[in-house]
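Notes follow once the structure below has been shown.
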Amino acid sequence: MSMSRTEHAQVELKRALGLKGAIALGVGGTIGGGIFVLVGHTTALAGPAALLAFGLAFLASLVIALPYAELACRYPQAGGGYVFVREVLGHKWGFLMGWVFWGAYLFVSGYVTQGFGGYLHMLTGTPPIWGGVGLVLGCVLINIRGVELSGKLQVLVIGLALAGLLGFAVAGAPAVDAAKFSPWMPTGLQGLLAAALIAFLAFGGFDMIAVAGEEIEHPEKNLPLAIFLTLAIVLGVYLLVAYAAVGTLDWRLLGASSAPLSDAAKVFLGPLGGRLVAVIAVLTTAATANAVLVVTSRICFAMARDGLLPYYLARVNPETATPRSAVLVCGGILIAIQLMDSHFSTSIGGFLYVLHFIPPMIVLLKLRQRGGESPLLS
């Protein structure tokens, strides 16, 4: 027996995700596998000034994060940007925003699951495809048990990953050679700005926190705090890791490497360094995959609750307060996308991800025209 629209509008998720869980969701979704390649890409463009590029990218991210945090406080519901647009611009624009937002994370997931499979293969010899499938299935099993369990495991996994990345920085610190930071900006201002544009990708993912807004405790306080702390933590990790990498391996070699952190780790840890970096990569990509499943299933749930997707996707398990149908469907899609070419799927996902920030900015302008104080200042 199907539910009516009125019944669907009354379906709500349980607020069971604390501040730690929200930050873990944001950091896990933001760092992902990007740190293992972006340090090399930015160094290739800007040399040692890659550290400054990450700082500039952080400031640019704040320009987007501030209005996003305000909107998250105004509309602490499942769906994040989709909800902002639907509430202010109407269902037609909400429908388009929902598909863009949902599609962005679904397509980007291929890069994450394939990356996990590749790193796991390096460590255990497991076929990459099966490693990625196993990761998605594991995330599905955890998430259908409830967001509280998912949040606790996310905190644990991302905590271990951050400990590993900080361990990389600490282990590399004694081997840092100040001479490797000279010349500081070998490619000039143009190289720095190009690197900052690439570094901006390092901070993408903080919006995941807003998507789970309906399940975060005390959203008026925890939502903006989690968004800003996520960006601050990510900046700190990137700067420490980049400092250790640039200071131990010539910037030209680092920029030309396909596995920059592994090559840097081998300088101060020997052959074991490459395997340790692979372990950290497995943890970070696992945390990102879990975050992606949470986000995509909540966008799916929110659209179904509004009648924009089949109603059964808005059903919530009464025992776990989890949108089980949405989790299962999104898990299946993540497995299917893993079979696609990662460059193709990531290109689509990246384009949609950049595009999805535009409608919320329009929403904020509309709200400013109507007047009213920002909830961040109240």
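Laboratory data are not the source of any read-out in this text; all were calculated from the coordinates shown. These numbers were taken from a predicted model, which means no experiment stands behind them. Here the Cβ is made from the backbone with ideal geometry for all residues, glycine too, and neighbour counts use every protein chain on show.
Looking at Gly98, Gly117, Gly132, Gly146, can you tell me which residue is surrounded by 19 or more Cβ atoms within 10 Å (Cβ to Cβ), within 21 Å of Val211 (Cα to Cα), in contact with a helix residue (DSSP H, G or I) (Cβ under 7 Å, 6 or more places away or on another chain) and not hydrophobic (A, V, I, L, M, F, W, C)?
On the way: Gly117 fails: within 21 Å of Val211 (Cα to Cα); Gly132 fails: within 21 Å of Val211 (Cα to Cα); Gly146 fails: in contact with a helix residue (DSSP H, G or I) (Cβ under 7 Å, 6 or more places away or on another chain).
Just a single option satisfies the conditions, and that option is Gly98.
Looking at (1) of a type in the set (Gly, Ala, Ser); (2) more than 17 Å from Leu261 (Cα to Cα); (3) assigned to a helix (DSSP H, G or I), which is the one condition that is false for Ala161?
The number of the failed condition is (2).
Only one residue in Leu123, Leu137, Leu231, Leu189 is in a helix (DSSP H, G or I), surrounded by 15 or more Cβ atoms within 10 Å (Cβ to Cβ) and either aliphatic (A, V, I, L, M) or within 19 Å of the chain's Cα centre (by Cα) (or both). Which one? Give the derivation first.
Details: Leu123 fails: surrounded by 15 or more Cβ atoms within 10 Å (Cβ to Cβ); Leu137 fails: surrounded by 15 or more Cβ atoms within 10 Å (Cβ to Cβ); Leu189 fails: surrounded by 15 or more Cβ atoms within 10 Å (Cβ to Cβ).
From the options Leu123, Leu137, Leu231, Leu189, the qualifying one is Leu231.
Mind checking which pairs have a first residue in the stretch 33-56 that is free of Cβ contacts under 8 Å to residues at least 40 places away in the same chain and a second that is buried (at least 24 other Cβ atoms within 10 Å of the Cβ) and outside any helix (DSSP H, G or I), Cβ under 7 Å, 6 or more apart or different chains?
none
Can you name the condition, by its number, that Leu253 falls short on among (1) under 18 Å from Ile158 (Cβ atoms); (2) in a helix (DSSP H, G or I)?
(1)
When you scan the stretch 263-378 for helices (runs of 4 or more DSSP H) that lie fully inside it, which ones turn up with 1 or more residues that are surrounded by 15 or more Cβ atoms within 10 Å (Cβ to Cβ) and charged (D, E, K, R)? If you could, list the steps in order and put the result at the bottom.
Details: elements: 272-305, 324-338, 342-355, 358-370.
It comes to 272-305, 324-338.
If you go through the stretch 39-47 one residue at a time, do you hit one that is over 15 Å from the mean Cα position of the chain (by Cα), more than 30 Å from Leu137 (Cβ to Cβ) and among the polar types (S, T, N, Q)? Give the derivation first.
Pass one, the stretch 39-47, residues over 15 Å from the mean Cα position of the chain (by Cα): 39-47.
Now narrow it down to the ones that are more than 30 Å from Leu137 (Cβ to Cβ): 39-47.
Keeping just the survivors that are among the polar types (S, T, N, Q) gives 42-43.
There is at least one residue in the stretch 39-47 that is over 15 Å from the mean Cα position of the chain (by Cα), more than 30 Å from Leu137 (Cβ to Cβ) and among the polar types (S, T, N, Q).
Are there any pairs with C-beta distances below 8 angstrom linking a residue in the stretch 299-327 that is at positive phi and touching a residue at least 12 places away in the same chain (Cβ under 8 Å) to a residue that is assigned to a helix (DSSP H, G or I) and crowded, with 21+ Cβ neighbours inside 10 Å, with the two at least 6 apart or on different chains, and if so which?
Sorted first by the residue in the stretch 299-327, then by its partner, the pairs are Ala321/Val147.
Go through (1) out of contact with any Phe, Trp or Tyr (no Cβ under 6 Å at 6 or more places or on another chain); (2) on the phi > 0 side of the Ramachandran plot one by one and return the number of the condition Gly47 breaks.
Against the list (1) out of contact with any Phe, Trp or Tyr (no Cβ under 6 Å at 6 or more places or on another chain); (2) on the phi > 0 side of the Ramachandran plot, Gly47 comes up short only on (1).
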